[in-house]
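Undergrad: If you scroll down you'll find the structure; I have some questions about it.
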Amino acid sequence: FFHSNSSATERDEWLEAISKSIEEYAKKRITFNPSKSLEETDPEKQEEDSPLGSKAPIWIPDTRATMCMICTSEFTLTWRRHHCRACGKIVCQACSSNKHGLDYMKNQPARVCDHCFRELQKQDNQCTPKSGSPVNHKSPSSALSTVLHSIPSGRKQKKIPAALKEVSANTEDSTMSGYLHRSKGSKKPWKHLWFVIKNKVLYTYAASEDVAALESQPLLGFTVSEVKDENSESRVFHLLHKTTLFYIFKADDPHSAQK
């Protein structure tokens, strides 16, 4: 397992975080605290601040998600990313087949994800205009749904173990998170991945907003060692299991490696 940090400082911070997790894990058995699902979080959270659809959301950049943030299907050239105009999340066409009028768009119909569509329908049902007639911000979505569902599916959906869905890449209560370069051996290629340490487990993600991990590795029994090499500029460290090299990491800079 080979990580590449940008700086020695970043490398040391990662070394400290991993070492601390290993020590704590040795004293206490790991317990998972599943992250809240999308249904439990964003729509309700936004509703507390302002009604869903009343303000333009902050769009998540395309590069931060390699999978649909609802169904976890992998994006490809044919199975493309779509942004929900209500919450800003990146979703696939199957999970955003509805349109709904949004206040910040002057009630023009816009593509929304399934979660937001249900929440917006609830808001419609709860609103009662002065005239006494029901509010209808919806635009007919059946036509869009029919078209999208008739498109030949290019979806690449893998069976992801439940353990890899328990912690999302952007979890707020992690011990450490960030991008590192990783190699599984001195002659293996480097990969730039997002890593999260939570509850003494090291999670690996393809991007920083992915809702499911590629893999998880409990840190019990592992040790980390700094690699002092003039060529590596103090950015490299090893993750070892007993005396076996498991991964090599390299930070983007010495400061990142120090973390």
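Undergrad: Taking a threshold of 18 Å on the Cα-Cα distance, which of the pairs Lys184/Lys242; Lys55/Lys89; Lys198/Lys242 fall above it?
TA: Listed pairs above 18 Å: Lys198/Lys242.
Undergrad: Could you rank the peptides 242-253, 51-62 by their average count of other C-beta atoms within 10 Å per residue, with the highest value first?
TA: 242-253, 51-62
Undergrad: With θ set to phi - 60° and the Karplus curve 6.51 cos²θ - 1.76 cosθ + 1.60, what are the ³J(HN,Hα) couplings of the stretch 70-86 in order, to the nearest whole Hz, using x for Gly and Pro?
TA: So the Karplus estimates, Gly and Pro as x, are 10, 9, 6, 5, 7, 7, 9, 5, 9, 9, 8, 7, 9, 9, 6, 6, 9 Hz.
Undergrad: What distance in nm separates the simple spin-label points at Arg64 and Ser186, each placed 7 Å from Cα in the Cβ direction?
TA: Modelled inter-label distance: 3.9 nm.
Bear in mind that the values in this text are calculations on the coordinates, not laboratory data. A quick note: this is a predicted structure, and the numbers were derived from the prediction, not measured. A quick note on method: Cβ atoms are made from the backbone with ideal geometry, for glycine too, and the neighbour counts reach across all protein chains shown.
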